[in-house]
Amino acid sequence: MKKKVTFVLVLVVMLVFSMSFISAGWWGDFWGRIFGGDITGDVVARDSLVAYYGFESNFNDSSGNGHHGKNNGGNFAAGKSGLGVILGGDGDHVNVWDFPNLDSWTIGAWIRTNGSISRWSGIVEHIDSSDYRGGIDLDIVGKPYIVYGNDRYKYAIGEVDDSEWHYIVGTYNFASGTSKLYVDGEEVALGSEKAASHYTSTSELVIGCLGSKKLGNCFKGVIDEVKVWNYVLDAGEIRGEYGGDVPPVEEPVEEEPVDNETGCVDIDGDGFNVTSGCGLVDCNDAIFLINPGVSETCNDSVDNNCNGWVDENCTGLPEPEPAPKPGIGGLLMGYEFEGNVNDSVGDNHGVNYGGNFVNSGKPGFGKAINLSAGDYVNVQNVSDSNSWTVSAWVKTIGAVASWTGLVEQIDSSSKRRGIHL
């Protein structure tokens, strides 16, 4: 007996990120250099360091000031020092709310583009409570530029979109109105001052997009070692940052988290484990970046999202054969919409009729599928089931004015069951 099943589904899974904290200031740097602390460069011991993001498996501020970031679509990859954050250029970014106002400032970051740049791309920007922008970005041909003050910017002559590592630093002196830009430890000549777009926010730091966070203005590549100071570093200090020693990061040792209600052991703390007691089955409970809730990372030969496919939907790669995967605790099908309509539990893959994938799924839960009138996902030839449970996360765009299907099954006897609006 076979049935036809039509699914219109938004399934999202929470990512749980570990957090680590270190001290800053003179003593923090002193003891860090003795015992292997994770702040890099030569001048970071100054109390003027406002925030530091090393992206060592988290998005925390390691300066000790507590300006921790929120990930919006980024993943971890090999960085300039240890790990960095890899961004897809389609809206992925890290943001920090309630970031302090900065009069004079220095912002630095290591970047490596994924190929050439063809659009305005944000690296690091802050927008203060008066909507003044400040930061370092790339223009439409890959030239770095500095944005500062009341929506002004100047760009450098050379391009850095060569898929190599580059250290970009911008400085702004509030009293004199002077802006400078450094590439790989050396000051570079700047073009004439131009007017920049005006963005409205409330004391926010954005890593990976312009301050507007529009999908078309985001960085594609890896960003690492982001630092923000509330004063202007001089040329010698910036050369020290560029050539400073990078000691290894020592992660704190944590005990295995145990869910007191289920008794399950979640070794990597990502909310999944190999017995399904903490949710869906984790195919690798030693690495929190490999679980049913993350997006697939291209070209790493790893099944990141535990769906039995390696590097699926990656340009230039053949479509891999899925590894067999049994049902999970009675779960027959699961659709996460992380760039495809595949069944992440078994082989009941869907066919997409008009839907588009967006990064704005339930916050923190990856991608979703966006459907307009007449769009749907169809799955055929699935065995009948007498008892059933169907669930989905949904978000409407505007008011619903007609009967609307969410998920519906039509079995071989033409009996309907499902959830609707």
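Structure summary
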quantity	calculated
Where a residue in segment 130-148 is farther than 17 Å from LYS220 by Cα and its partner, wherever it lies, is not in a strand (DSSP E or B), with Cβ under 6 Å and at least six apart	ASP131/THR200; ARG133/GLY211; VAL147/ALA196
Qualifying positions in segment 71-111 - of a type in the set (Val, Ile, Thr) and over 22 Å from SER129 (Cα atoms)	VAL85, ILE86, ILE111
Sole residue being among the charged types (D, E, K, R), surrounded by fewer than 24 Cβ atoms within 10 Å (Cβ to Cβ) and farther than 22 Å from GLY339 by Cα, chosen from LYS80, LYS70	LYS80
Residue satisfying all of: in segment 171-180; buried (at least 20 other Cβ atoms within 10 Å of the Cβ) and not polar (S, T, N, Q); nearest to GLY135 (Cα to Cα) among these	TYR172
Segment 200-249 - residue that is in contact with a helix residue (DSSP H, G or I) (Cβ under 8 Å, 6 or more places away or on another chain) and part of a loop (DSSP other than H, G, I, E, B) and, of those, modelled with the highest pLDDT	LEU233
Residue tally, condition at pLDDT 90 or above, in a strand (DSSP E or B) and over 18 Å from ASP92 (Cα atoms), over segment 119-158	9
Those residues of segment 139-162 which are more than 15 Å from LYS180 (Cα to Cα) and aliphatic (A, V, I, L, M), in sequence order	ILE140, VAL141, VAL160
Subset tally (residues that are closer than 9 Å to ILE127 by Cβ and crowded, with 24+ Cβ neighbours inside 10 Å) for segment 199-230	3
Test result for ASN60, surrounded by fewer than 21 Cβ atoms within 10 Å (Cβ to Cβ) and either free of Cβ contacts under 8 Å to residues at least 24 places away in the same chain or part of a loop (DSSP other than H, G, I, E, B) (or both)	no
Number of the condition not met by VAL382 [criteria: (1) modelled with pLDDT of 80 or more; (2) hydrophobic (A, V, I, L, M, F, W, C); (3) surrounded by 13 or more Cβ atoms within 10 Å (Cβ to Cβ)]	(1)
First in segment 375-390 and more than 9 Å from VAL351 (Cβ to Cβ), second anywhere and acidic (Asp, Glu), Cβ under 9 Å, 6 or more apart	ASP384/ASP411; SER385/ASP411; VAL390/GLU408
Those residues of segment 97-112 which are within 17 Å of the chain's Cα centre (by Cα) and modelled with pLDDT of 95 or more, in sequence order	ALA109, TRP110, ILE111, ARG112
Residue check for PHE357: among the hydrophobic types (A, V, I, L, M, F, W, C), in the same structural domain as VAL281 (by TED's automatic domain parsing), under 24 Å from the mean Cα position of the chain (by Cα) and modelled with pLDDT of 70 or more	yes
Residue in segment 185-195 that is assigned to a strand (DSSP E or B), under 26 Å from GLY88 (Cβ atoms) and in the same structural domain as TRP110 (by TED's automatic domain parsing) present	no
Residue identified as part of a loop (DSSP other than H, G, I, E, B), at pLDDT 75 or above and not aromatic (Phe, Trp, Tyr) among ASN260, ASN304, ASN299	ASN304
Matching entry among ILE146, ILE136, ILE223, ILE140 (being assigned by TED's automatic domain parsing to the domain that holds ASN114 and more than 18 Å from GLY108 (Cα to Cα))	ILE140
Set GLY350, GLY293, GLY330: member being at pLDDT 75 or above and within 20 Å of VAL379 (Cβ to Cβ)	GLY350
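Here is a yes/no grid of residues against (1) farther than 30 Å from VAL345 by Cβ; (2) aliphatic (A, V, I, L, M); (3) in a helix (DSSP H, G or I); (4) at pLDDT 90 or above:
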| residue | (1), (2), (3), (4) |
| --- | --- |
| ILE22 | yes, yes, no, no |
| TRP26 | yes, no, yes, no |
| ASP29 | yes, no, yes, no |
| ASP42 | yes, no, no, no |
| VAL50 | yes, yes, no, yes |
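One line per residue, one yes/no per condition, for (1) among the small types (Gly, Ala, Ser); (2) touching a Gly at 6+ places or on another chain (Cβ under 9 Å); (3) closer than 26 Å to VAL294 by Cβ; (4) free of Cβ contacts under 8 Å to residues at least 60 places away in the same chain:
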position	(1), (2), (3), (4)
ALA78	yes, yes, yes, no
ASP92	no, yes, yes, no
ASP98	no, no, no, no
ARG112	no, yes, yes, no
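The values are calculated or read from the model by the stated rules, or taken from the named source; none is laboratory data. All values reported here derive from a predicted model rather than from experimental measurement. Note that we place each Cβ from the backbone using ideal geometry, even for glycine, and neighbour counts take in every protein chain shown.
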